[in-house]
Amino acid sequence: MAVSTIYSTQALNSTHFFTSSSSSKQVFFYRRQTNRRFNTIITCATQQTVVIGLAADSGCGKSTFMRRLTSVFGGAAEPPKGGNPDSNTLISDMTTVICLDDYHSLDRTGRKEKGVTALDPRANDFDLMYEQVKALKSGIAVEKPIYNHVTGLLDAPELIQPPKILVIEGLHPM
């Protein structure tokens with residue numbers, strides 16, 4: 001269970017920062033104006049990974065938004081080092097973004113043969129998605145599948161370590 005505290009003021013047009021304190025197991029989100037007159041500080045004391053879900057339709061800009069969000073939390077979002085260059089996963093200093101397309105249970109040809117789309121629950125492995133998000137939230141690394149958007153095939157899985165912030169984005173994150 002996470003304990004959250006929100007301190008809010010009228011901070012407009014401000015810069016956003018993210019820091020973490022490993023000794024106190026707290027995550028701090030805050031934005032501060034350059035004149036330091038107004039602050040907004042949101043703290044979340046947790047021993048688990050913070051999970052953020054983003055649901056939206058295909059091609060609407062989820063991945064672009066996620067790259068920008070990860071830069072707010074710290075660092076540039078890149079695919080896992082030494083992993084599949086076609087990976088949909090983005091990792092930054094504090095954040096891991098998982099594209100839920102990776103939990104397709106059917107490749108492009110399989111969906112065509114069965115007459116289903118990626119929106120169809122039969123084309124997705126929701127049980128595996130649930131178990132892996134639960135494991136990451138609990139601090140356990142997972143071997144996450146990869147759906148290759150270029151080839152339409154299911155590639156070999158990749159190792160994902162538990163991050164401080166896990167963002168899951170796709171058609172069915174909730």
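The values are calculated or read from the model by the stated rules, or taken from the named source; none is laboratory data. Bear in mind that the values here come from a model prediction, so they are computed numbers and not experimental data. Cβ atoms come from the backbone with ideal geometry, glycine included; neighbour counts cover every protein chain shown. These accessible areas exclude ligands, DNA and RNA; they are computed on the full protein's heavy atoms, side chains included. Shrake-Rupley method; radii C 1.70, N 1.55, O 1.52, S 1.80 Å.
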Placed amide H near residue 168: partners under 5 Å, 5+ positions off or other chain: 52, 53, 54, 98
Portion, in percent, of the accessible area of region 125-171 that falls on carbon or sulfur, probe 1.4 Å: 61
Heavy-atom surface of region 83-139, accessible at 1.4 Å and reported per residue (Å²): 52
Summed residue charge, Cβ within 13 Å of residue 124's Cβ, Lys/Arg positive, Asp/Glu negative: -3
Rel. contact order, % - alpha carbon contacts under 8 angstrom, at least six apart, region 51-114: 21
Alpha-carbon Rg/Rh ratio, for region 90-174, with Rh computed the Kirkwood way: 0.98
